Each structure stands twice: as C-alpha cells, then as structure tokens.
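Everything on this sheet refers to the single structure shown next.
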Amino acid sequence: MMTGLFISELERTFKRKKTAAVLAVYAGLLAFIWFFFQRGGISFFDADHDVKIDSLNSAPLLLRDLSFAITFIVIPMFVADSFNGEYTSGALRMVLIRPHHRVKLFFVKWAVQCLLVFLILCITWVVGTCVGKLAMPHVNETTFLGGHTLGTLGALLYSLKFYGICFCIFIAIISIASIMSVLMPNSILSYVATIGALIGSVYVSDKLSFFFSVTDSVFHELSSSNSEFLVNLLFPILIISLIINLFVWKKKEWVG
C-alpha cells in the first residue's frame, strides 16, 4: 500500500508543470554558476571570507551559491504545490476518497519532497565535483573555513558531510513549509507564509539563522570542533515540526 502511494505521489509530482518549470530554472542556475566559476575563480565561505575555487572545494562552494534558490524557490514551491495545490485543485480529494490512512499519505508526500531535494543535491554535488576536476586549478590539498587544511580524501569527506548537514536543514525547511501549506487557504499564501517564516526565524533567534543562510551556517559549524548543532537544535526542530504537521493534517477537513 505504501509503495503504491509513493509511486502515485511521484507520478503526480513529475506531471505538474510547476515541477518541470522549477527544475528547469534550477538547471539554468547550475549552468550559470558553472560559467561564473570558470570566469571568476573566486567564491565565499561567508560574507567575510572569500576563497579561491579549486579542484577539491568546488562542490561545497557551488551549493553555497545555489542554496538560496533551493531554500526560497525550490522547496516552498514544491511543497506548496504538493500539500496545498492538490487540495485547491481537487486532486487531493480524489486520493482521500480511497481507503488511505491520512498519516500514511502525509509521510508519503513528505518523503517525496525529501527525495526531490536529495536528488537535486546529488546532481549539484556531481556537477560541483566535475567543475572542480575539469575547470578549476588542480590541487592536492585545500583549506576550508577555520583553517582546516585537507587532502583529497579529507576534502571529499568534508564535502559529503557538508551536503549531508545541508540536507538535514532542507528537510526541516520542508517540514515547516508543509505546516504553512496545510494551514493556508491557497498555494500562493502557502508560499508567502513559508518565506515569511524562514525570514522571521532570524528575528526570533540568531541560532535560527541557518534557515536564512544555510551553507554559511554549515561552514561555520564544520569549522567548530565541539559543535552539537544537529542534536541540540536541528533535530528537535524537525521532530516538533513533524508533530505539528501530523496534528494539523489529521484535524483539517480535506474533503469538505
């Protein structure tokens, strides 16, 4: 049953015109940043630390330039279309008239959104790695924020860890966006509410700034030797947001 729901959700997702449009925009941004990398050769760990792009650090730096689009365009549009767009168009009613448990349907939709972002990150990592190997100066070691100098294997592990933490943050953003999409009456307001929540988090606490500047925060976390960012902050936010999601999802009258 879960497999059938998952495949059905994937099919509906990739049949949407917005999905194709957003992916096309992201592909265009990838191509543009590749061109910029080749011509410029300079990127940034954050606003205060620039760095020369080389064959070992290109993948994290590519994501740094694209994370804003993932946070404020890709995820909010995908989630709003999945959780709210289907409701306003009536497609969700056709799914819910079948004997599907609401909780299962929620987790299927949430998992599909996570899978989409995971695939986007995988493509970005591959492109970033290829940019480094094909277009950037070849080096045997590189230095990341905090003065960590790493060789080829160390840089690879750093890159994978960097993408992994970013993925965890994006999952939390998906969960927040799904709450807004369930609460709002239409997909446009869902999108606006998600953007507002992400920007507003900066004013709630400086510790939540990773929602606004994902990769800059991850560079800083990886430069710290005693960071417990995932355990103390990100995972609790993810768990709480999922609990709120399930409560609102079960209470809302989707087929009324």
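The values are calculated or read from the model by the stated rules, or taken from the named source; none is laboratory data. None of the values given here were measured: they were computed from a predicted structure. As a convention, Cβ positions derive from the backbone with ideal geometry for all residues, glycine included, and neighbour counts pool all protein chains shown.
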Give me the residue from segment 24-47 that is without any contact (Cβ under 8 Å) to a residue 12 or more places away in the chain and either in contact with a strand residue (DSSP E or B) (Cβ under 9 Å, 6 or more places away or on another chain) or closer than 20 Å to residue 116 by Cβ (or both) and, out of that set, surrounded by the most Cβ atoms within 10 Å (Cβ to Cβ). 27
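Listed residues 124, 142, 194; which is at pLDDT 90 or above and either over 19 Å from the mean Cα position of the chain (by Cα) or at positive phi (or both)?
Working: 124 fails: either over 19 Å from the mean Cα position of the chain (by Cα) or at positive phi (or both); 194 fails: either over 19 Å from the mean Cα position of the chain (by Cα) or at positive phi (or both).
Within the list 124, 142, 194, the selection yields 142.
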